[in-house]
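Remarks on the structure that follows.
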Amino acid sequence: MRKIIIDTDPGQDDAVAILFALASPELEVMGITTVAGNVPLELTTKNARIVCELAKRPDVQIYAGCDRPMGRTLVTAEHVHGETGLNGVIHTDPTMPVQDAHAVDFLIETLRSTDGVTLCPLGPLTNIGTALQKAPDIARRIDEIVLMGGGYFEGGNITPAAEFNIYVDPEAADIVMRSGVKVTLAPLDLTHKMLTSAEWIAAMRALNTDVGDAVAGWTDFFERFDVAKYGSAGAPLHDPCVIAHLVDPTLFSGRLCNVEIELNSDLTRGMTVADWWGVTDRPKNATFLRDGDRTRFFTLLSTRLATL
Ligand code: BDR
Ligand code: CA
């Protein structure tokens with residue numbers, strides 16, 4: 001079993017990723033840390049609790065983290081996810097607790113005391129960047145960081161150049177990319193190939209479970225935005241790609257290369273500049289996933305969600 005901590009800003013696709021992880025016996029979810037991103041921190045924390053209760057896992061430890069980026073004003077994405085972050089389904093208020101410790105302290109303490117922990121950031125990298133800044137010794141304790149973020153050949157989704165998670169806190173992303181930790185990116189180049197379909201949503205509904213209904217409702221909601229924006233048939237399931245890669249590393253392919261974050265330009269802030277062709281001598285600091293098997297991805301996801 002691989003030990004993971006999910007760092008997240010739910011968000012419908014984050015929610016699907018959390019359910020996917022909780023349904024995967026290969027993974028031990030040591031905790032969920034929340035961050036401001038798609039919606040403010042209070043809502044991302046509430047949504048993480050909603051999702052764990054939906055999975056009948058009120059025992060999962062949830063830690064609230066940073067409520068704003070390391071050096072910038074928070075940008076949110078209600079235009080994609082709705083004002084609750086989980087629009088598409090009406091949820092009752094969760095009752096499971098939030099842990100007392102701050103997410104950053106939980107990350108530092110857990111990494112110092114436990115070997116082989118993989119971090120799975122699904123939102124802006126504020127908690128991880130802050131933890132690495134506060135306790136640089138944890139870098140060598142992290143097994144790997146597998147994150148959803150970035151986009152290079154595919155461009156951006158919040159600006160022409162930048163993907164949302166990196167754009168919101170580029171300084172935090174820069175700390176992660178320079179940390180020396182083994183990093184794998186699931187960028188838009190990959191996630192825009194993992195599009196939902198009407199058949200898949202119908203199959204979720206046909207599960208006839210609370211989880212199936214929720215996944216179908218959430219996906220229907222955020223699909224309307226992506227279909228209008230990209231003219232594509234479905235919506236990309238960004239964050240579940242991180243979990244899929246951990247469960248079955250043969251699903252996606254990519255390349256180890258240098259990836260750096262643009263911090264200074266107003267035009268391209270948060271751009272993930274990937275030296276895919278190796279035209280510089282800059283260190284190869286990340287595996288940049290670019291392609292994947294959509295059919296196998298959705299089969300794996302459906303099989304796992306069906307167990308909840
Ligand atoms: C990322 O941004 C958020 O809107 C999604 O949850 C995903 O993590 C995609 O750019
Ligand atoms: Ca997210």
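Laid out as a table, the results:
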| quantity | calculated |
| --- | --- |
| Number of the condition not met by LYS3 [criteria: (1) assigned to a helix (DSSP H, G or I); (2) surrounded by fewer than 20 Cβ atoms within 10 Å (Cβ to Cβ)] | (1) |
| Test for PHE153: is it surrounded by 19 or more Cβ atoms within 10 Å (Cβ to Cβ) and not hydroxyl-bearing (Ser, Thr, Tyr) | no |
| Residues located in the range 157-173, provided they are acidic (Asp, Glu), away from ligand 1 (no atom under 11 Å from the Cβ) and in contact with a helix residue (DSSP H, G or I) (Cβ under 6 Å, 6 or more places away or on another chain) | ASP169 |
| In the range 141-156, residue farthest from ligand 1 (Cβ to nearest atom) [restricted to those that are touching a residue at least 40 places away in the same chain (Cβ under 8 Å) and more than 22 Å from GLY65 (Cβ to Cβ)] | PHE153 |
| Total residues in the range 27-44, condition among the hydrophobic types (A, V, I, L, M, F, W, C) and part of a strand (DSSP E or B) | 4 |
| Among residues of the range 231-276, those that are closer than 22 Å to TYR167 by Cβ, within 18 Å of the chain's Cα centre (by Cα), assigned to a loop (DSSP other than H, G, I, E, B) and away from ligand 2 (no atom under 16 Å from the Cβ), counted | 1 |
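No lab work stands behind these numbers, since they all come straight from the coordinates. Model, not experiment: these values are computed from the prediction. Neighbour counts run over all protein chains shown; Cβ positions are idealised from the backbone, glycine included.
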